[in-house]
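The values are calculated or read from the model by the stated rules, or taken from the named source; none is laboratory data. Computed from a predicted structure; not experimentally measured. No Cβ is skipped: glycine too gets one built from the backbone with ideal geometry, and neighbour counts run over all protein chains shown. Please note that ligands, DNA and RNA were not included when accessible areas were found on the heavy atoms of the full protein model with its side chains. Shrake-Rupley method; radii C 1.70, N 1.55, O 1.52, S 1.80 Å.
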Amino acid sequence: MAKWDHDDLRDKSGDRFDEMRRAEPSKLTNPKDAVGMKKVGLSVLPIRVMYEVALGMLEGALKYGRHNYRVIGVRASVYYDATKRHLDDWWEGEDIDPASQLNHVTKAISSLTVLRDAMIRGNWVDDRPPRSEPGWIDGLNAKAAALIEKYPNPVPAYVQSVAVSRGEE
């Protein structure tokens, strides 16, 4: 397995992508290269993930009507809840959604895609609870750090990969 050291990609000016740019073939005579490299680069998106999300969006289009959320809008809590349920199912070890046969992570991304599209278009109901005060998590993180420092040699976690390696799945 290759080890990536991102610091190797930095040049003296701090531009970590400079070496990648030099490694890419370019046509010095093509003025489009200079313009195109400064635009949103869709080549950074993982295609297989995007195609899986397209399947999740297709399922929604078939069930509810394609782009229904753009016309009727969405309620934030509905998409938060759906996303959270899919992530929680995945976290608890269920990789595939039984109803769609798609990965729960894919379903969560699809839900977030709809929510974000509605947010960008201003076509959503923000029914989140009142905001917490800024930095509310800092105190909890300090307590977590104190616990970690108090127990420098914790008992190893019991994780799925260990159960699988012992044939317990």
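Before moving on, here are some points about what is shown:
- When region 60-117 is filtered for residues that are without any contact (Cβ under 8 Å) to a residue 40 or more places away in the chain, acidic (Asp, Glu) and farther than 21 Å from residue 159 by Cβ, the ones remaining, listed by number, are 81, 97.
- Set 100, 110: member being surrounded by 10 or more Cβ atoms within 10 Å (Cβ to Cβ), at pLDDT 95 or above, among the polar types (S, T, N, Q) and part of a loop (DSSP other than H, G, I, E, B): 100
- Scanning region 35-45 for residues that are over 22 Å from residue 120 (Cα atoms) and part of a loop (DSSP other than H, G, I, E, B) yields 37, 38.
- Residue list for region 114-125, filter: closer than 16 Å to residue 84 by Cβ and open to solvent by 60 Å² or more (accessible area, probe 1.4 Å): 116
- Here residue 142 qualifies as open to solvent by less than 90 Å² (accessible area, probe 1.4 Å), over 30 Å from residue 54 (Cα atoms), in a helix (DSSP H, G or I) and of a type outside the set (Lys, Arg).
- Of the residues making up region 68-88, those that are under 11 Å from residue 115 (Cα atoms), open to solvent by 50 Å² or more (accessible area, probe 1.4 Å) and over 18 Å from the mean Cα position of the chain (by Cα) are 70, 75, 78.
- Restricted to region 55-67, and to residues there that are open to solvent by less than 90 Å² (accessible area, probe 1.4 Å) and assigned to a loop (DSSP other than H, G, I, E, B), the residue that is nearest to residue 126 (Cα to Cα) is 67.
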